[in-house]
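**Q** Take a look at the following structure, please.
The values are calculated or read from the model by the stated rules, or taken from the named source; none is laboratory data. No experiment lies behind these values; they were computed from the predicted model shown. Heads up, the Cβs are rebuilt from the backbone with ideal geometry, glycines too, and the neighbour counts pull from every protein chain shown. These accessible areas exclude ligands, DNA and RNA; they are computed on the full protein's heavy atoms, side chains included. Shrake-Rupley method; radii C 1.70, N 1.55, O 1.52, S 1.80 Å.
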Number of protein chains: 2
Amino acid sequence: MFRTNTCGELRLADAGRRTTLAGWVQRVRKMGGMTFVDLRDRYGITQIVFDNEHDAALNDAAVRLGREFVVQIQGTVAERTAKNANLPTGDIEVLADSLTVLNPSEVPPFTIEDETDGGDDIRMRYRYLDLRRNPVRRNLELRHRMTMEVRRYLDSKGFLEIETPMLVGSTPEGARDFVVPSRMNPGQFYALPQSPQTLKQLLMVSGMDRYFQIVKCFRDEDLRADRQPEFTQIDCEMSFIDQNDVIELFEGMAKHLFKEIRGIEINEPFLRMPWADAMKYYGSDKPDIRFGMRFVELMDTMKGHGFSVFDNAAYIGGICAKGAASYTRKQLDALTDYVRRPQIGAKGMVYARVEADGTVKSSVDKFYTQETLQELRKAMDAEPGDLILILSGDDTMKTRKQLCELRLEMGRQLGLRDRNKFACLWVVDFPMFEWSDEEQRLMAMHHPFTHPKDEDIPMLDTDPAAVRADAYDMVINGVEVGGGSIRIHDSELQAKMFEILGFTPEKAAEQFGFLMNAFKFGAPPHGGLAYGLDRWVSLFAGLDSIRDCIAFPKNNSGRDVMLDAPSALDQKQLDELQLALAPAEE
Amino acid sequence: MFRTNTCGELRLADAGRRTTLAGWVQRVRKMGGMTFVDLRDRYGITQIVFDNEHDAALNDAAVRLGREFVVQIQGTVAERTAKNANLPTGDIEVLADSLTVLNPSEVPPFTIEDETDGGDDIRMRYRYLDLRRNPVRRNLELRHRMTMEVRRYLDSKGFLEIETPMLVGSTPEGARDFVVPSRMNPGQFYALPQSPQTLKQLLMVSGMDRYFQIVKCFRDEDLRADRQPEFTQIDCEMSFIDQNDVIELFEGMAKHLFKEIRGIEINEPFLRMPWADAMKYYGSDKPDIRFGMRFVELMDTMKGHGFSVFDNAAYIGGICAKGAASYTRKQLDALTDYVRRPQIGAKGMVYARVEADGTVKSSVDKFYTQETLQELRKAMDAEPGDLILILSGDDTMKTRKQLCELRLEMGRQLGLRDRNKFACLWVVDFPMFEWSDEEQRLMAMHHPFTHPKDEDIPMLDTDPAAVRADAYDMVINGVEVGGGSIRIHDSELQAKMFEILGFTPEKAAEQFGFLMNAFKFGAPPHGGLAYGLDRWVSLFAGLDSIRDCIAFPKNNSGRDVMLDAPSALDQKQLDELQLALAPAEE
């Protein structure tokens, strides 16, 4: 051992004790004949003192230390005269009598401080230095503690962690697979799993009863800020259960994590909101319910008064922003611009202020009497000082999604989206299918193995689009942290599902034959869910992106700029794989 | 919930209680007017009784149940008249008054029993049925418990589990990589990690101090019985430590696992055997020390007596098999054939029996006087009734490896390799390099980042082949369960190492530049090790192969016969990846 103590553990009670510490030089300060070195390791910072009067040569050596040098010091713990209340070790310092440079360091390309001067690109290229910074390191510590607690909880509930293979078969349904050429089977490819969905269902067929796995999954999608080509799932499945059992058990896990990780005790059950309500009141299947501002439909109130935009609309909906009547014209214009951005796509926004005397002043006053506007006010439950914002459109779902964006932006502006406040709910009763304009057919909203609600099964033949599923998402602060469903365990029902999804029996057999075969040998009723670990950690860490809770993330082109991967292969490797590059014509 | 109890939990104290059980039909026995059904789930088996006199229709339904049907029953717990002491639930049965078939089953292609009639191939194709068998399921339960305990132990020692990426860069050094074409970076490939070696070293540079990960690794090698293209490592690394610190901490982990998993308390420290001794006394760097039979070198005793085989040998070594003098000529011939097999390659074997009166009778009596044979007996420490077996050859290391095989075979024949007895040791002081005939150069025995022993560093210039490394393997019962080393943290020493290994500075920079760069910014002294989880589990499970402690293993052609992977890709997928198949000419 190069140390007797870490840089985070010495306290006043240790005064007088001999100690050996090792770590990185955070800072060197020369003050008169004394040199102060802040020595840092994962556990904290300890101040080391070198004194010219005690040992001039040693003090000289200390002065020459550079930032991020790795050193070992020996000395005696002493009480500080000027204590630092911001540091757990701030009551003491170590009077050094020995100094060994274990490794020097070049000057790092950015400062290793909580607030660094390094831009995103350089920090990613030198990620190993970025990880030395407290805020980044703490995210990885948090991630470790979360996975430990997830495992403890699930183990205590009888779940077995079972590893499923990484080299599996390609399934063209769903997102794009990453594939792996097989040298031993030339011309053939493995795929990396998008999720262990079918394998965990096979584990239920095999009687494993309760399975989980914290596992890497892969999707070759065009990347957005919050997506990585490889990501980590907490993947779970149970047998002989119904939807309520799954929800209760995993709600218990969420509460366990809130308590152990964030110190928040949640006693009341999570709200269970039907998908239809989530869309109606929040325009989203993952509503942020830290704040109200629920949608109010205004077709009855606002239609048919000569304002053609509303008169021609299929949907008119409003939100009431409490106390925001003071918004200036400029602020309101900015909001209008916000909803008009192509990503949101609204045509315009109508607003109405409730004045101190209760009268309503709107941006469309010339079309509406004060009487109608008072009806609006009543419908919106608005009080003096409130601001009503209204969107309309010819497609109800699209307009709701636009109104959702407006609501979230208003929540942000009004400070209603506190990162340290958490609002959890289950969204339930998802539609079984959604129409794909691109594919011109019904697609499974979750996946083709989702069980329809028993009472809706007759509608599979008559009105499949109206069928609801035994599917559920766990949503925290507007983030879908996890989701799952009860699965079909009956091969006839599964066959019917594939038929509705447009699979020929041959194609279904080709892609999912192994699963359908397995179901012939006694599949138990089962279901489960999967959490996105990266998202959940970043939520608990208060991060906007999942990147900083991943040790070595990839950039938006799917590159690891530190490793410089991917890269070209040797021709020899290509030959062994019996592959050739075939660049697309420009 | 489809059940109030599992099939493994009801006891005599529950008699009289109402219960609902769900599970698989293991067996149906009709005896007069009664039908007995053994209902099975992961937790056990419970006997269900249907009585014609109580409910004839129900009894009829029970009689018609097939093997592996999934059923739910309700009934009352009752004391059995004929108890079954072999079953934890054997004191009770459940008198059924309701039966629901949740899912029927086709007749499975092999019996779901501890000893099945299914061959290897069919069990792999229907692995989900094979996993229903107790011995296979128990291996996965064991694996779960082992990984839980590994995590508990390492967490308690301050280790952080940190996920490293699966899509990394290809490193042509070492085994062959599996590669993953990148669609977003056409013509470029990721590699799947052979181990997170360099990434965990970067985590030490980043100050993570103590890292571990239970992680999938990939090697595209030609497969043997005990190899899988994907396998799981317990990967660990620590900073500011020396070899002794690593050994002590991980010896502690091994003892923790022995105690928690196998109920074996090991109090004495593990033996630490220099590699040179392991080769000298056991002919192996992973000696099985459950039994003695150490090699004795016999050059002084047996050379120069006119037996040309020995006279021309560079090495003559023997083992003493206690009590085996009774071996017949036939048994001895079989042993000779054994060591002559091409996999072992010895030219022949000499034996000598110690008779009851102390005289020695050997297969080469005509060359040796009884006096010399008594010297042999003394050198071998052989007593009346013992059998001495001797091999010789012109290559010391090769002959030792042959003698090792003979020793292991004798240990097996004499019942000295009890699966329930465990002998652990560390093999230390490995050579830094080994000569590769194929490459005609020195290769790193562990990997190029291994630290040479401080006292041997001067020999890097003069006699590199003699340099020993700070490397260590943990060996249990002749199986290398793990191994590691102290790493080089000094970039100059690392550069010298690459030079000895025949890397040009350009090639070293191309392949490991990111690591060598990182080391310029303050790398701490560090080291670690990695365990092969599959092997360790199979050792604890008493298995010969690692296959049965893996849920969905691949066969010797690297195929998953259940999923039928790998398989051909759609042309569309190849086009998106800008790849073409290039079958090698026959």
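**Q** Consider just the alpha-carbon atoms of the stretch B:106-220 and return their Rg together with their Dmax, both in angstrom.
**A** Spelled out, the Cα radius of gyration and Dmax of the stretch B:106-220 are 20.0, 58 Å.
**Q** Let me ask you something else. FRET efficiency for residue B:414 and residue B:556, Cβ-Cβ distance as r, R0 = 35 Å, nearest 0.05?
**A** Values: r = 31 Å, r/R0 = 0.89.
Calculated value: 0.65.
**Q** May I pose another question? Placing a label point 7 Å from Cα toward Cβ, how far apart in nm is residue B:53 from its equivalents in the other copies, listed shortest first to one decimal?
**A** Residue B:53 label point versus its equivalents elsewhere: 10.4 nm.
**Q** Let me ask something else about it. Rounded to the nearest 10 Å², what accessible area does residue B:434 show when all protein chains are kept and the probe is 1.4 Å?
**A** Using a 1.4 Å probe on the heavy atoms, I get roughly 90 Å².
**Q** Under a point-charge model restricted to the Cβ atoms of Lys and Arg (+1) and Asp and Glu (-1), what is the dipole moment magnitude of chain A relative to its Cα centre, in debye to the nearest 20?
**A** Details: 73 positive and 92 negative charges, 341 e Å.
For chain A, the charge dipole is close to 1640 debye.
**Q** In addition: Which is farthest toward the positive dipole end of chain A among A:128, A:236, A:22, measuring Cα position about the Cα centre, with Cβ charges +1 (Lys, Arg) and -1 (Asp, Glu)?
**A** The listed residue farthest towards the positive side: A:22.
**Q** Once both labels are modelled 7 Å past Cα along the beta-carbon direction, what's the residue B:100-residue A:157 spacing in nm?
**A** Using points 7 Å along Cα→Cβ, the separation is 2.2 nm.
**Q** Let me ask something else about it. R0 = 45 Å: FRET efficiency of residue A:63 with residue A:545, Cβ-based, nearest 0.05?
**A** Details: r = 41 Å, r/R0 = 0.90.
It comes to 0.65.
**Q** Right, next: Taking a ≥ b ≥ c as the square roots of the eigenvalues of the Cα gyration tensor of the protein assembly as shown, is the shape rounded (a/c under 1.5), prolate (a/b larger than b/c) or oblate?
**A** Values: a/c = 2.05, a/b = 1.33, b/c = 1.54.
Oblate.
**Q** Further question: Length gain on complete extension for the stretch residue B:314 to residue B:121, per 0.36 nm per residue less the alpha carbon to alpha carbon distance? Each step should come with its number before you reach the end.
**A** Numbers: separation 193, 0.36 × 193 = 69.48 nm, distance 4.63 nm.
Computed gain between residue B:314 and residue B:121 is 64.8 nm.
**Q** Right, next: Between residue A:421 and residue B:341, what FRET efficiency follows from the Cβ-Cβ distance if R0 is 51 Å, with the result rounded to 0.05?
**A** Working: r = 72 Å, r/R0 = 1.41.
With R0 = 51 Å, the Cβ-Cβ based efficiency is 0.10.
**Q** Can you tell me the equivalent ellipsoid semi-axes for chain A? Use √(5λ) from the Cα gyration tensor, largest first, whole Å.
**A** Details: eigenvalues 503, 282, 114 Å².
They are 50, 38, 24 Å, listed largest first.
**Q** Would you mind listing the distances between the residue A:276 label point and the same position in each other copy? Use 7 Å along Cα-to-C-beta, nm, one decimal, shortest first.
**A** Spelled out, the distances from residue A:276's label point are 8.3 nm.
**Q** At 1.4 Å probe size, put A:488, B:214 in order of accessible surface, largest to smallest. If you can, show how the numbers build up before the last one.
**A** Details: A:488 0, B:214 30 Å².
Ranked from most to least accessible, the order is B:214, A:488.
**Q** Another one. Average partner chain C-beta neighbours within 10 Å, per residue of A:189-196?
**A** Numbers: counts 11, 13, 7, 6, 0, 0, 0, 1.
Across the residues of A:189-196, the mean count of other-chain Cβ atoms within 10 Å is 5.
**Q** Another one. Got a sec? Charge dipole of the stretch B:291-413, +1 on Cβ for Lys and Arg, -1 for Asp and Glu; which of B:362, B:408, B:387 is way out at the positive end?
**A** So the residue furthest toward the plus end is B:408.
**Q** Using a 1.4 angstrom probe, figure out how much accessible area the stretch B:381-523 has per residue, in square angstrom, rounded to the nearest whole.
**A** Values: 5970 Å² over 143 residues.
The answer is 42 Å² per residue.
**Q** Using a 1.4 angstrom probe, figure out how much accessible area the stretch B:12-103 has per residue, in square angstrom, rounded to the nearest whole.
**A** Working: 4190 Å² over 92 residues.
Averaged over the residues of the stretch B:12-103, the accessible area is 46 Å².
**Q** When you look at the Cβ of every residue in B:34-46, what mean number of other chain Cβ atoms sits within 10 Å? Walk me through the numbers before you get to the answer.
**A** Working: counts 0, 0, 0, 0, 0, 0, 1, 5, 8, 3, 0, 0, 0.
Mean partner shielding for this stretch: 1.
**Q** Sticking with this structure for a sec: Would you mind pulling out the separation of the Cα centroids of the stretch A:103-131 and the stretch A:394-470, in Å?
**A** Between the Cα centre of the stretch A:103-131 and that of the stretch A:394-470, the gap is 42 Å.
**Q** OK, next. I need the shape label for the stretch B:398-548. Rule: rounded when a/c is under 1.5, else prolate if a/b > b/c, else oblate, with a, b, c from the alpha carbon gyration tensor.
**A** On the way: a/c = 2.47, a/b = 1.84, b/c = 1.34.
It is prolate, given that a/c is not under 1.5 and a/b is the larger ratio.
**Q** To continue, here is another question. From the label point of residue A:121, set 7 Å from Cα along Cα→Cβ, how far away are the matching label points in the other copies, in nm, ordered shortest to longest?
**A** Inter-copy label distances (nm, one decimal, shortest first): 5.8.
**Q** List, in the order given, every pair from A:286/A:507; A:255/A:421; A:216/B:200; B:259/B:401 whose Cα-Cα distance in the structure shown is over 25 Å. Working shown, then result.
**A** Working: A:286/A:507 33 Å; A:255/A:421 14 Å; A:216/B:200 18 Å; B:259/B:401 33 Å.
Those over the limit are A:286/A:507; B:259/B:401.
**Q** Which value in deg cm²/dmol, rounded to the nearest 500, describes the helix-derived mean residue ellipticity at 222 nm for chain A, given -39,500 (n - 2.57) per DSSP H run of n ≥ 4 and division by the residue count?
**A** Working: 17 runs with 171 residues, N = 586.
Estimated from H runs of four or more residues: -8500 deg cm²/dmol.
**Q** Would you please state which residues of the stretch A:309-331 a label at residue A:363 would reach in this model, taking the label point 7 Å out along Cα→Cβ and a backbone N cut-off of under 11 Å?
**A** Of the residues in the stretch A:309-331, A:329-331 have backbone N under 11 Å from the label point off residue A:363.
**Q** With a 1.4 Å probe, how much accessible area is buried between chains B and A, both sides summed, in Å² to the nearest hundred? List each step's numbers first, then the result.
**A** Details: alone 29440 and 29480 Å², together 48020 Å².
Protein heavy atoms only, the B-A interface buries about 10900 Å².
**Q** If you don't mind, another one. Roughly how many whole Å is it from the C-alpha centroid of the stretch A:8-40 to that of the stretch B:251-281?
**A** 39
**Q** Another question, then. Once you order the gyration tensor axes a ≥ b ≥ c over the Cα atoms, which shape class does the stretch B:297-373 get: rounded for a/c under 1.5, otherwise prolate or oblate by comparing a/b with b/c?
**A** Values: a/c = 1.90, a/b = 1.04, b/c = 1.83.
It is oblate, given that a/c is not under 1.5 and a/b is not larger than b/c.
**Q** Something else: Please list the equivalent ellipsoid semi-axes of the stretch A:361-485, computed as the square roots of five times the alpha-carbon gyration tensor eigenvalues, in descending order and whole angstrom.
**A** Values: eigenvalues 257, 94, 37 Å².
Taking √(5λ) for each eigenvalue gives 36, 22, 14 Å, largest first.
**Q** Counting Lys and Arg as +1 and Asp and Glu as -1, each charge on the Cβ, what is the dipole of the protein assembly as shown about the Cα centre in debye, to the nearest 20? Mind dumping the intermediate values first?
**A** Numbers: 146 positive and 184 negative charges, 351 e Å.
The calculated dipole for the protein assembly as shown is roughly 1680 debye.
**Q** While we're here: For a label point 7 angstrom out from the Cα of residue A:262 toward its Cβ, which stretches of the stretch A:471-490 have the backbone nitrogen within less than 15 Å?
**A** Flagged as within label range: A:474-482.
**Q** Sticking with this one: Whole number please: convex hull volume per residue, Cα atoms of the stretch A:1-112, in Å³. Write down the numbers at each step before the final one.
**A** Numbers: hull volume 11.5 nm³, N = 112.
So the per-residue Cα hull volume is 103 Å³.
**Q** Sticking with this structure for a sec: Residue B:205: accessible area at probe 1.4 Å, nearest 10 Å²?
**A** The value for residue B:205 is about 0 Å².
**Q** List the pair-distance distribution P(r) of the stretch B:535-586, using every Cα-Cα distance, as the percent of pairs falling in each 10 Å bin from 0 up to the bin containing the longest distance, rounded to whole percents.
**A** Spelled out per bin, shortest first, that is 20, 27, 28, 16, 9.
**Q** Tell me the label-point distance for the pair residue B:297, residue B:277, using the 7 Å Cα-to-Cβ offset, in nm and rounded to one decimal.
**A** 1.5
**Q** Carbon and sulfur: what percent of the stretch B:131-229's accessible surface (1.4 Å probe)?
**A** Details: 1080 of 2550 Å².
Here carbon and sulfur together make up 42 percent of the probe-accessible area.
**Q** Using a 7 Å offset from the Cα along the Cα-to-Cβ direction at both residue B:55 and residue B:395, what is the distance between the two label points in nm, to one decimal?
**A** Simple spin-label model gives 7.4 nm for this pair.
**Q** Further, regarding this structure: To the nearest 10 Å², what's residue A:157's accessible area with a 1.4 Å probe?
**A** 90
**Q** Counting only protein heavy atoms and a 1.4 Å probe, tell me what percentage of the stretch B:291-413's accessible area is made up of carbon and sulfur. Could the numbers behind the result be given before it?
**A** Numbers: 2880 of 6040 Å².
The computed percentage sits at 48.
**Q** A further question on this structure: So what J values fall out for the stretch A:354-369 if you push phi through Karplus, 6.51 cos²θ - 1.76 cosθ + 1.60 with θ = phi - 60°, rounded to Hz, Gly and Pro as x?
**A** 9, 6, 4, 8, x, 6, 10, 10, 10, 7, 10, 4, 5, 9, 10, 6
**Q** What do you reckon, how do B:64, A:210 stack up by accessible area (1.4 Å probe), largest on top?
**A** Accessible-area ranking of B:64, A:210, largest first: B:64, A:210.
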